[in-house]
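Step one of this worksheet: look at the structure below.
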Amino acid sequence: MSTSREAKAERIRHLLETEGDAVGQNTRGFNTGRYESVADLEDYEGLKDEARAIKEDAIDRLPELIDDLTEAVEANGGTVYLASDAADANRYVREVCESKDADRVVKSKSMTSEELEVNDELQSAGMDVVETDLGEWVLQLADEAPSHIVAPAIHKSREGIAELFRETFDPEDPPETAEELTMFARERLGELIADADVGMTGANFLTADTGTMALVTSEGNARKSALVPDTHVAVAGVEKVIPSVEDLQPFVELIGRSGTGQDITSYVSLLTPPVNSPTVDFGDDTPLADAGSDDREFHLVLVDNGRMTMREDDQLKETLYCIRCSACANSCGNFQSVGGHAFGGETYSGGIATGWEAGIEGEAVAAEFNDLCTGCSRCVDACPVKIDIPWINTVVRDRINRGESGEFDWLVEGLTPDAEPGGVDLQKRFFGNFATLAKLGSATAPLSNRLADLGPVRSLLDRTLGIDERRDLPEFQRETLVDWFRARGGSHVPRHEADREALLYPDTYTNHIDTSRGKAAVRTLEALGVHVTVPSVPASGRAPLSQGMVATAEERAHEVFSALAEPLDEGRDVVVVEPSALAMFHREYEQFLAPASFERLRDNSYEVLEYVFGLLSNGAEVDQLAGPSTDRTSAVADGGASTDRLAYHAHCQQRTLGLAEHTVAVLEAVGYDVRTSETECCGMAGSFGYKSEYYDLSMDVGEPLREQFGDEDGRDRRVVASGTSCLEQLDALLSRDATHPVELLVPDG
Amino acid sequence: MTSGTVATFEESLERLEVGWTHTDAAGLAGTLRTVCDDPTVGTPLPWADVTLPDWVEDDPTADDVRAAATGVTAAGIGIADYGSVVLPSTDDGSEPVSLYPETHVPVLRRSDLVEGMPEAFSWLAENVSGEGGSAIVATGPSATADMGELVKGAHGPKAVHVVVLDDADETEDPR
């Protein structure tokens, strides 16, 4: 392994060991909570659409809304400062605090203030800055960075916090339980808030009509920070402005559910500062009712810091819709394993962090963690404003690729007939051109497989391309699926006898490596009366896309559509075995094809078991398919795994398309008892798990899957999975062979 | 207010482990006596013929608020779907009174219960925002999970008990 890969692998291993357990437990808890909480909503999708539309409109009209907001805040008696960058914002905040002779500033949690690093500025000016959110306070004491945008100290255990308090304060009766630790912090911070001079908060939303800010919190510290000191400074990115108070409604219903899985957080403060609550002056005998609020001062610092440029960038613009709920982090397999200290930049973490960091700090910062988005797409459904987060990650990856100066290398020359400029990282180029390699691999098999298995070759592959030696390499078949189909004389169901006609799409894996599942698909469809064709069609472009090679992926999209347009016009359905290829047709091709072309392909292409499900729903006889009772021989071959009990892992992208249920329904219809995995992604994610620097992470992401399918109920189940990489990963995680579900359906074996 | 909305509100409160008591203007003092721990502070209720009992300090100083065990304030509306109460911030200090003491007792007129968040935001847009108007949508007690597990009572109250006035005059608004 190269030294930079080794260093990266080492850092990931360290985080897996030190922070992985706490991060995993918390994020998975949030993620489960999200599923449960959104299920209670009558119209979840409708609310998301509403939220998205409000953000689209707001970002579209942003300059106008900023003017309206400024007018409203000033009419209320507050001040608005539009800061061009972090230095500008920090200077302004410092000057406000200095004008109040502030000794202490208390802060409630704000990612924007983290982005600004305003604490450093104020501390350098001699002020005491105190974070009052308990998690942020813990990090301030420990001098650590947040590992999660909502729960910043998610990586710290209760024991770790207890030890930190002991070391820092040496208390007589050291707090131990979560309750004691909380009360200890409440008491200390309560005193610090009581005589603070300035309270700083962020703002989750700002309404342009009335100058109202919404703060979404649970602890009550934001309420105190805004209430107790007479001077309130709020810092917020310009993207936080929405038109009106009524527009807050869908966000208030979505933000807690999407993030930590709470229906709503304890407090949603709607403050229209300077607020009319009397100033709170402890030690003063004046009743509150007589204290008045005339002393109150309010400063809203609206931060640009790259956002207005992001607004002009068609690809990064969507990032500005982000409401920082953390759903994309919690639903991400890689994030669940390593947290924001690996999967994050200067400030932001999780899937959407690539957009934020690229826009605010620059692509170099995003480059450090951007690879951790595998494009599994599980965050797509989770995002309350429907941001295509994987696409932003892909675009930024492409830009990073283009920015790198590379060296010409003989190793991949000829294997990389792509549309990318020089300089794309060798490893990315290799995986991005996998379809070319597969062609060569099949043409020269079995020699290619024997060669690839040789120790010196594996070691060379690891050194030069970063292909981990611990992974089994895919074995190329000499006879491709397309060749096999031609050799058998085409479809065994004549066209004139068929109810339907389908083109089975020979994706790279099904065509060159796992041809058995392709053959099983052909036979299964034929058993249900379908006339099948398996022509040669170009690769889908998934492989280059996942490496950020967008131009190459786009070329593939046009080639694939050209090859499929006529069959589609002839009324053939396109049936796809590999979910990641189908996801290209259904999601990413929208970026590449003319709208009518995209819709035609999307509306007429199906995942293979979705198609079987459709055939069965339309009158095809389930008796035509094999079931558990006819499957005894292969069960014996698999080492005695149960013949009628299955453990099924759906592919991540298949789940995002809502197509996992069809497989379960079909398997149950033929008589299997099916248990499904409760994990977002297997961790292999195409080429990701093959990369030396990510091997350990990939295996760790798969660990919950190993536990679920290895427990008492799962141990003797036969393992089935829909995706190629899931099958590879399950083979590696469990000591059982994994099978594609369609292989269980083929009549007479 | 339909009885269905009240039932939904109560189900939500139950989920939140928040207690509630139904009473009327005449029974308020007795009800508060059973749910408040001394010392109790409050801010005057904005409805005709509904007053806080004498033993509630309704003109507190900041120190009174900090020393109090219970704070009693009026809720503008209740949101049935969520079990939330909307607490308008008033110039006599309802915000600190509802925030500092260990127990918060919001007093809500039954007629001010609304079904869900859309109704709540229509009300908020009309009654609260603008010119210093502020309100807290409060749902259960303050809470944190930052210390390793969920703890009720972080910087704000550890417990909430909602008092529902079943007969209060519907014509007057709390602001």
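The order of B:Thr90, B:Thr51 by accessible area, most exposed first and with a 1.4 Å probe, is B:Thr51, B:Thr90.
Relative to the longest principal Cα axis of chain A, at what angle does helix A:724-733 sit, 0 to 90 degrees, rounded to 10? With rounding to tens, the tilt is 80 degrees. On a 0 to 90° scale, report how tilted helix A:178-194 is relative to the longest principal axis of chain A, with both axes built from alpha carbons and the result rounded to the nearest 10. The answer is roughly 40 degrees. Name the residues of region B:86-112 whose accessible area, probed at 1.4 Å, falls by at least 30 Å² once all protein chains are in place instead of their chain on its own? The answer is B:Asp91, B:Asp92, B:Glu95, B:Pro96, B:Leu99, B:Tyr100.
Using the beta-carbon distance between A:Ala443 and A:Asp644 and R0 = 45 Å, what value does 1/(1 + (r/R0)^6) give for FRET efficiency, to the nearest 0.05? Please list the in-between numbers first.
Working: r = 41 Å, r/R0 = 0.90.
Working from the Cβ atoms, E equals 0.65.
When A:Ser269, A:Ser99 are compared by accessible area of protein heavy atoms, the largest-first order is A:Ser99, A:Ser269, using a 1.4 Å probe. Treating each Cα of region A:91-173 as one equal point scatterer and applying the Debye formula with no solvent, the log10 of I(q)/I(0) at q = 0.11, 0.13, 0.19, 0.22 Å⁻¹ comes out as -0.34, -0.46, -0.87, -1.05. If R0 is taken as 51 Å, the Cβ-Cβ distance between A:Asp499 and A:Thr309 corresponds to a FRET efficiency of 0.35. Surface composition of chain B: carbon and sulfur atoms hold 45% of the protein heavy-atom accessible area at a 1.4 Å probe.
Between beta-carbons, use under 14 Å as the cut-off and find the net charge around A:Glu501, counting Lys and Arg +1, Asp and Glu -1. Computed value for this residue: -4.
Exposed loop positions in chain A were taken to be chymotrypsin sites (Phe, Trp or Tyr not before Pro) whose DSSP state is not H, G, I, E or B and which have at most 16 other beta-carbon atoms within 10 angstrom. Between these positions, the longest stretch is A:411-749. Considering protein heavy atoms only and a 1.4 Å probe radius, which residues within region A:271-316 exhibit an accessible-area decrease of no less than 30 Å² in the full assembly relative to the chain by itself? At a threshold of 30 Å² (probe 1.4 Å), the residues of region A:271-316 that become less exposed are A:Thr272, A:Asn276, A:Ser277, A:Pro278, A:Phe282, A:Pro287, A:Leu288, A:Ala289. How many angstrom lie between the Cα centre of region A:124-174 and the Cα centre of region A:340-382? Rounded to whole Å, the Cα centres lie 25 Å apart.
Rounded to the nearest 100, the interface formed by chains B and A buries 4800 square angstrom of accessible surface, both chains summed, with a 1.4 Å probe. Placing pseudo-labels 7 Å out from each Cα toward the beta carbon at A:Asp143 and A:Asp290 gives an inter-label distance of 4.9 nm.
On the beta carbon distance between B:Ala29 and B:Asp63, with R0 = 30 Å, the FRET formula returns roughly 0.75. Figure legend: label point modelled 7 angstrom from the Cα of A:Glu475 along Cα→Cβ; residues of region A:435-465 with amide N under 16 Å from it are A:441-454.
Backbone geometry of region B:35-51 corresponds, through the Karplus equation with coefficients 6.51, -1.76 and 1.60 at θ = phi - 60°, to 3J(HN,Hα) couplings of 9, 9, 9, 6, x, 10, 10, x, 10, x, 7, x, 10, 4, 6, 10, 10 Hz, x marking Gly and Pro.
With a 1.4 Å probe and all protein chains left in place, how much accessible area per residue does the protein assembly as shown have, in Å²?
Details: 33550 Å² over 924 residues.
Accessible area per residue, the protein assembly as shown: 36 Å².
Take every DSSP beta bridge whose two residues both sit in the protein assembly as shown, then give the antiparallel share in percent to the nearest 5.
Values: 25 of 92 bridges.
Counting only bridges with both partners in the protein assembly as shown, antiparallel ones make up about 25 percent.
Each of A:Ser605, A:Val482, A:Ala594 was placed along the dipole of region A:471-606 (beta-carbon charges, centred on the mean Cα), and the one lying farthest toward the positive end is A:Val482.
In a simple Cβ point-charge model (Lys, Arg +1; Asp, Glu -1; nothing else charged), the protein assembly as shown has a dipole of about 4560 debye relative to its Cα centre. Ranking A:Ser225, A:Asn330, B:Ala145 by how far each Cα lies toward the positive end of the dipole of the protein assembly as shown (charges on Cβ) leaves A:Asn330 at the top. Overall, the accessible surface of chain A at a probe of 1.4 angstrom is composed of carbon and sulfur to the extent of 45 percent.
So, with +1 on the Cβ of K and R and -1 on the Cβ of D and E, and no other charges, what is the size of the charge dipole of region A:686-749 about its Cα centre, to the nearest 20 debye?
Working: 6 positive and 14 negative charges, 28 e Å.
About 140 debye.
For the set A:Lys107/B:Lys152; A:Lys156/A:Lys691; A:Lys55/B:Lys152; A:Lys107/A:Lys691; A:Lys109/A:Lys428, the pairs lying more than 31 angstrom apart at their alpha carbons are A:Lys55/B:Lys152; A:Lys107/A:Lys691; A:Lys109/A:Lys428. Spacing of the modelled spin labels on A:Ala75 and A:Asp21, each 7 Å from Cα toward Cβ, amounts to 5.7 nm.
Check each residue of region B:42-80 and keep those whose accessible area, probe 1.4 Å, is at least 40 Å² smaller with all protein chains in place than in the chain alone; give them in order of residue number. With the partner chains in place, region B:42-80 has these residues losing at least 40 Å²: B:Asp59, B:Thr61, B:Ala62, B:Asp63, B:Arg66.
Axis of helix A:20-39 versus longest Cα principal axis of chain A: the two differ by about 90°, to the nearest ten degrees.
For region B:49-175, what does the relative contact order come out to in percent, with C-alpha contacts under 8 Å and a separation of six or more? Can you show the working numbers first?
Working: 223 pairs, mean separation 36.0, N = 127.
Once divided by the residue count of region B:49-175, the mean separation gives 28 percent.
The values are calculated or read from the model by the stated rules, or taken from the named source; none is laboratory data. Computed from a prediction, not measured in an experiment: that's the story for all the values here. Don't worry about glycine lacking a Cβ; one is built from the backbone with ideal geometry, like all the others, and counts go over all protein chains shown. These accessible areas exclude ligands, DNA and RNA; they are computed on the full protein's heavy atoms, side chains included. Shrake-Rupley method; radii C 1.70, N 1.55, O 1.52, S 1.80 Å.
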